[in-house]
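Scroll down for the structure; my scribbles are underneath it.
The values are calculated or read from the model by the stated rules, or taken from the named source; none is laboratory data. Here the structure is a predicted model, which means the values were calculated and not measured. No Cβ is skipped: glycine too gets one built from the backbone with ideal geometry, and neighbour counts run over all protein chains shown.
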Amino acid sequence: MKSIRPLKDTSGIFFILWCMLASFGAYFCMYAFRKPFTTSLYEGYQLWGIGYKTVLIISQVLGYMISKFVGIKVISELRPSRRIFLILGLILFAEAALLGFGLVPFPFNFVFLFLSGLPLGMVWGVVFSFLEGRRVTEVISIGLSISLIVASGILKTIYLELHQWLPAISEFWMPFVIGLLFLPLFCFFVWMLSVIPEPSHEDKLLRKERRPMNRQDKKLVLKEYGFGLACLVMVYALLATLRDFRDNFSVEIWTEITVDWNSTVFSQTEMISGCIVLLAVGAISVFKNNVRAFRFTLLLITFGIVLSGVSTLLFQEGILSPFLWMLFLGIGLFLAYIPIQTALFERMIAAYRINANAGFFVYICDAIGYLGSVGLLIYKEFFAKELRWSVVLIEFSFLTTLASLLLLLVVYVFYYRKLKTYPAIQPSREPVESYI
């Protein structure tokens, strides 16, 4: 599909705004197929002695996790010509599964939430493949970052408001209805993505050309960077598990920590978090030198982890109010989580001149991350059933902070030594440095 003429300038204002809107809209709409069901409590429903909401969340997260493992191969090997076909097929499959969730009666419909999760995990990789490998990747990926932060909270508010307007629609049909409402919008934003031109020659010089990976590429990357990657994967897994738990059980957590709350808190906390993270991720683009940008991103991740841990401690000591705790915890989580997805591997590939694409690294992280999310849910339900949701969030927040800081220390040392061992790959030794 031919690109629109003003998009030919792949670093101009029109191009940047177009990419930000397209990626934000496409991924925001994806959340309409994934998250709204978590807003309902499904009170009075149990299966195998487990609350039905927990069964539903575990079912969908299992499907989502499998999708991430599949995505390690599919997204890393994805050819540009197949992107649109794949992303539309993924969403239509998810909507069909949500239709089954409404049609099939309790207790058999949980299978359809598993099926709805299977395709959705690969949507992020398709969207980001339109953005990576460019001089302005950090800037244009801000839209994608913001949707990751605000979509779930806004959609929870939409769910509650819509359910008040249409009380006759059951909680089993609401996910399909919301997905149907957002399907035309999703198709529009996919069209916007489809007309974005490929990275320019200068983009490829400055950020390393991104090509579909083959088996040999993957073996070489894992051999050379496997240990450092493993540490980053563990950090990401902890962050993803904590973020997912906070998001999936936010209604229960808010109910436990304060009686004076309403549906707008979801949008308020996530919108504020989104604005702050927007500025932080945008700041990475100031660094033209890829090595410095990579190091700054690691420092930003560290700061976010410290903020989440300190805010939890202050809440436990009674210094922070429930609203401020959930706000600062969210800001800290997203300051650490989002840069790993949108900037860390983008700059690592460019700094070390790696023959890879960001999707390969992110999907390894995501696959292990959602495995951790399933593990925490199972632990809570079978080994800590009496613990309050807020207590689990507090305890896991402390664990994530301590373990992640130790792992990041190892990451700093590993990648610093890599630069010393392989000085030829530093951008400062390459002719294109004058542009960086």
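Would you mind telling me which numbered condition in (1) of a type outside the set (Gly, Ala, Ser); (2) touching a Leu at 6+ places or on another chain (Cβ under 9 Å); (3) more than 26 Å from GLY228 (Cα to Cα) PHE323 fails?
Single failed check for PHE323: (2).
Let's see how each residue does on (1) at pLDDT below 90; (2) of a type outside the set (Ser, Thr, Tyr); (3) out of contact with any strand residue (DSSP E or B) (no Cβ under 7 Å at 6 or more places or on another chain); (4) closer than 15 Å to SER145 by Cα:
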| site | (1), (2), (3), (4) |
| --- | --- |
| SER263 | yes, no, yes, no |
| GLY282 | yes, yes, yes, yes |
| SER308 | no, no, yes, no |
| LEU329 | no, yes, yes, no |
| GLU346 | yes, yes, yes, yes |
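Of the residues that make up segment 137-155, is at least one of a type outside the set (Phe, Trp, Tyr) and in contact with a strand residue (DSSP E or B) (Cβ under 9 Å, 6 or more places away or on another chain)?
no
Helices (runs of 4 or more DSSP H) wholly in segment 118-166 with at least 1 residues that are small (Gly, Ala, Ser) - which ones?
123-129, 142-165
For segment 262-274, check the following and say yes or no: at least one residue is surrounded by fewer than 17 Cβ atoms within 10 Å (Cβ to Cβ) and not polar (S, T, N, Q).
yes
Determine which member of the set PHE112, PHE108 is surrounded by fewer than 24 Cβ atoms within 10 Å (Cβ to Cβ), aromatic (Phe, Trp, Tyr) and either in a loop (DSSP other than H, G, I, E, B) or modelled with pLDDT of 90 or more (or both).
The match here is PHE108.
Could you identify the single residue in VAL362, VAL391 that is surrounded by fewer than 21 Cβ atoms within 10 Å (Cβ to Cβ) and either in contact (Cβ under 8 Å) with a residue 24 or more places away in the chain or touching an Asp or Glu at 6+ places or on another chain (Cβ under 9 Å) (or both)?
VAL391
Quick grid of which residues meet (1) acidic (Asp, Glu); (2) in contact with a helix residue (DSSP H, G or I) (Cβ under 6 Å, 6 or more places away or on another chain); (3) free of Cβ contacts under 8 Å to residues at least 40 places away in the same chain:
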residue: GLY71; (1), (2), (3): no, yes, no
residue: ARG82; (1), (2), (3): no, no, yes
residue: GLY100; (1), (2), (3): no, yes, yes
residue: PHE112; (1), (2), (3): no, yes, yes
residue: ARG134; (1), (2), (3): no, yes, no
residue: SER141; (1), (2), (3): no, yes, no
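Can you tell me how many residues in segment 340-359 are more than 13 Å from ILE75 (Cα to Cα) and either part of a helix (DSSP H, G or I) or free of Cβ contacts under 8 Å to residues at least 40 places away in the same chain (or both)?
Looking only at that region, the number is 13.
Of PHE172, PHE176, which residue is modelled with pLDDT of 80 or more, buried (at least 22 other Cβ atoms within 10 Å of the Cβ), over 22 Å from TYR363 (Cα atoms) and not aliphatic (A, V, I, L, M)?
Going through PHE172, PHE176 in turn, just one is modelled with pLDDT of 80 or more, buried (at least 22 other Cβ atoms within 10 Å of the Cβ), over 22 Å from TYR363 (Cα atoms) and not aliphatic (A, V, I, L, M): PHE176.
Evaluate segment 415-428: report whether one residue or more is touching a Leu at 6+ places or on another chain (Cβ under 7 Å), in a helix (DSSP H, G or I) and at pLDDT 75 or above.
No, segment 415-428 contains no residue that is touching a Leu at 6+ places or on another chain (Cβ under 7 Å), in a helix (DSSP H, G or I) and at pLDDT 75 or above.
Listed here are the residues, each with its yes/no results for (1) surrounded by 24 or more Cβ atoms within 10 Å (Cβ to Cβ); (2) of a type outside the set (Phe, Trp, Tyr).
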{"site": "VAL286", "(1), (2)": "no, yes"}
{"site": "ARG292", "(1), (2)": "no, yes"}
{"site": "THR297", "(1), (2)": "yes, yes"}
{"site": "VAL306", "(1), (2)": "no, yes"}
{"site": "PHE323", "(1), (2)": "no, no"}
{"site": "MET326", "(1), (2)": "yes, yes"}
{"site": "GLY330", "(1), (2)": "yes, yes"}
{"site": "LEU333", "(1), (2)": "yes, yes"}
{"site": "ARG347", "(1), (2)": "yes, yes"}
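What number of residues within segment 61-95 are surrounded by fewer than 17 Cβ atoms within 10 Å (Cβ to Cβ) and charged (D, E, K, R)?
The qualifying residues number 3.
(1) under 24 Å from ARG243 (Cβ atoms); (2) among the hydroxyl-bearing types (Ser, Thr, Tyr); (3) assigned to a helix (DSSP H, G or I); (4) over 22 Å from the mean Cα position of the chain (by Cα): which one isn't true of TYR42, the others all being true?
Among (1) under 24 Å from ARG243 (Cβ atoms); (2) among the hydroxyl-bearing types (Ser, Thr, Tyr); (3) assigned to a helix (DSSP H, G or I); (4) over 22 Å from the mean Cα position of the chain (by Cα), the lone unmet condition for TYR42 is (3).
Which condition from (1) under 15 Å from the mean Cα position of the chain (by Cα); (2) modelled with pLDDT under 80; (3) not hydrophobic (A, V, I, L, M, F, W, C) is the one that LYS156 breaks?
Here LYS156 clears every test but (1).
Considering LEU299, LEU278, LEU335, LEU327, which residue is hydrophobic (A, V, I, L, M, F, W, C), part of a helix (DSSP H, G or I) and out of contact with any helix residue (DSSP H, G or I) (no Cβ under 6 Å at 6 or more places or on another chain)?
Answer to the check: LEU299.
Give me a count of the residues in segment 302-324 that are of a type in the set (Val, Ile, Thr) and outside any helix (DSSP H, G or I).
Residues that pass the stated criteria total 1.
Quick check on my filter: what residues within segment 281-294 are assigned to a helix (DSSP H, G or I), touching a residue at least 40 places away in the same chain (Cβ under 8 Å) and more than 12 Å from PRO339 (Cβ to Cβ)?
Of everything in segment 281-294, those that are assigned to a helix (DSSP H, G or I), touching a residue at least 40 places away in the same chain (Cβ under 8 Å) and more than 12 Å from PRO339 (Cβ to Cβ) turn out to be ASN290, VAL291.
Can you tell me which residues in segment 212-253 are modelled with pLDDT under 85 and among the aromatic types (Phe, Trp, Tyr)?
Within segment 212-253, PHE245, PHE249 qualify.
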